[in-house]
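Worksheet for the structure shown next.
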Amino acid sequence: QSTVQSYLEGVSVGLEQLRSAAQEVQSVCQDLGAARWALLDSADRFQGLQQMRALMAEAVQLAHVVHEVFSHTLQLLRGQHLLEAHAELMMMEHLRDDILSQLHLRGLSRWREAPVRLSPAIRIIEREEKIDDTLLLEATFLPPGRPKGWRQKFYHVLQETITGAHFHAARMDAEGPGLARHLAALQKDIVSELRVVKDLMVQCVPAHYNILSVCTATYHQALANHLQDILREDLDKQALFLLLEWTLHVYHSPEMMGHPDLLPEVDVSALGPLMSPELVDQTERKYVVKVKASVLEWMQRTLEVEFKEWFREEEPETDHQGFFQSALPIIVMQMLNENIQVASLITDSLQQKVYNMALEELEAFLGRLREALVQCGKEHQKDRTIPKYYVSYLLAMLNNNLALSSSVSSLHPDTACREVPASLRAALDRTQKKACQLLLEDLCLDFQPLCLQLPSRKWLSGSQLVSSMCEVIDKYAKDFSHVRKPVFTLLLTESELLVASQYLRALMQKKMVCKSEEERAQLCDRLLQDATQLRELFCGLGLDQSQQSLEAVFALRELICLKDPALLSLEVLGFIIKYPDVSDEHISTLLDLRGDVSKEVRHMVLEMMAQHPQVLPESYRPIFSTILVPAPELPFCLRKGKCA
């Protein structure tokens, strides 16, 4: 019993120990499972440790090699084997360069991948700098290769890295699209790499390195130099505009150096402008030259198209009021205005430069337009059926000139100062005068054949000559109604002056001399009827009687109608006072037309005129000064005989 009891107690103790062992085994299994997951989770770190182990092994081997080379070099120096020692030192220099290359100073891309690798390099550099400083302080003996200046070399390599990565690439496409892609890539890369410097690299170097400021300044200067290199190319206007916009607006914007991720640490305001004011001005002038060439080409094409339009077989288009017009002023003004507005996106100075250029080109364009009008007029003189609608297109050009004149002030960048330069106003005025001149010349060609029929006895007998004149005038007046009022009034006034001068010129061609008092009376009646009919016609067209030059015909009629020739001196005096541009030849011709003036009376009249010279008032519109009187016929002579 005692034995059995002892056996049972032993079994009970064994079972308790087994239970305890099972619990411990379970706990160990749990710990092993946790350890397994921890090991799996640390696999990447173990790989890093393996890389560190490999680097340490390489460093140990490198240190052993350096030690051996150094010892051997020292022995060569002591043995005065200088050439061999120099070769060993050169090998150590190359070895140093290899070390630097392995310390990841070849590119910021490596720092982006693993900026922590920079720290060992910086520690080595700082250790060498301390050795240099100590030796310089002792100033007793500097061993060869000292001071090493590795910190400065670090800065140099850093700057070379930045410059080489972005600004030493092969020659890029200087045209607009290629340059745009290049600048966009620079913008993206510079912002990205400065983020790396600010967020990661700054933590790996001592504060006194000012690494962010150094990198920012390096990018800034390298970019400034790069832009100067680009500007040496023959860039088109799009590329020049792109450079100015990118430099003056994009570079400082929140999209680049003012990016929220870079502020406030990155500040380029203290580094000066990316392009100097002189370079900006030079670039703006280059841009203006390119734009000027483009504007000149475009305007020339516009003028060529317009010139061809004048020879069409149909009338020009009209606006809603029935005035002739073409698209020329809209095309020209839109082109100039767009270039001025585009320039305003850069600087006020560029906008002003483009504005000045636009006015110069518009003035030059008006000169070429006048030349085209003259050429068209020559073609019309050769064959008056070509162009078919010659008068209509001249009127359209007058309306176009008015449109240009009224809209040119809107080009000025300053809305408060929209004065048109005097030279451009003069060019617009010359263009208007040229078109009016061509119209009046065309009117004159139709009017002159009628004037050739007077004075004549057929005309005196009551022909329908003046009615034919009125038909010609009325026809042109209807055409003139398609031009706007300021020019319509001008054309009407000039047409009336032309009619009056042509009528007076015809009377002074010495074609007829009144043979009797009855014929003079008949002449006076005809002059009165003609002048009255013409005056009423122009009054009906809207030209006031006080503005008409036909009054000279009425005044001339009084000289013809005067019955007592002895009173001509007084009558002529009143005539020359009213018409101070009349000459002795004019008066003498009129006296001839009377047919009853003696030599004594003629001499008295001319002497009176000589005693009363006239001065033209500023507001006077000349009429007789444009009329040439035929030279008097010379007496017929027979050899050496006396003249009759």
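Just a few scattered comments:
- Under 12 Å from the H612 label point (7 Å along Cα→beta-carbon), backbone N, the range 540-575: 568-575
- Stretchable slack from D189 to T626, in nm (0.36 nm times residue separation minus alpha-carbon distance): 149.6 nm
- Here is the list for the range 533-624: GluC sites (Glu not before Pro) lying in DSSP coil, each with at most 14 other C-beta atoms within 10 angstrom of its C-beta, are E618.
- Efficiency of FRET from Cβ geometry, H156 and E419, R₀ 51 Å, rounded to 0.05: 0.30
- Taken along the Cα-to-beta-carbon direction at a fixed 7 Å, the label points for F167 and D474 span 8.3 nm.
- Dimensions in Å of the range 280-434 - Rg and Dmax from alpha carbons: 16.8, 56
- Spatially proximal lysines relative to K198 (Cα-Cα < 29 Å; intrachain offsets below 8 disregarded): K130, K148, K153, K188
- Within straight-line reach of K478, meaning a Cα separation under 19 Å, sit the following aspartates and glutamates at least 8 residues removed in sequence or on another chain: E314, E315, E317, D319, E441, D442, D446, E494, E496, E536, D544.
- 20 Å Cα-Cα reach of K485 towards lysines, excluding residues that sit fewer than 8 places from it in its own chain: K433, K434, K475
- When both the range 288-307 and the range 178-228 are represented by their alpha-carbon centers, they are found 43 Å apart.
- Cα pair distances of the range 522-634 binned at 10 Å [whole percent]: 12, 41, 35, 10, 1
- Size estimate for the range 344-405 follows the Kirkwood approach: the inverse of mean 1/r over distinct Cα pairs works out to 13.9 Å.
- Spacing of the two label points (7 Å from each Cα toward its C-beta) at K458 and L490, in nm: 3.9 nm
- Sorted from longest to shortest, the spans of the Cα atoms of the range 190-289 along the three principal axes equal 50, 22, 19 Å.
- In plain terms, the chain from E379 to T134 could stretch by 78.6 nm, reckoned as 0.36 nm per residue minus the Cα-Cα distance.
- Under the combined filter of DSSP loop state and at most 14 neighbouring Cβ atoms within 10 Å, the range 253-329 retains these trypsin sites (Lys or Arg not before Pro): R312.
Since every read-out is calculated from the coordinates, none of them should be taken as a lab result. Since the model is a prediction, treat every value here as computed from it, not as a measurement. FYI the Cβ positions are ideal-geometry reconstructions off the backbone, even for glycines, and counts take in every protein chain you see.
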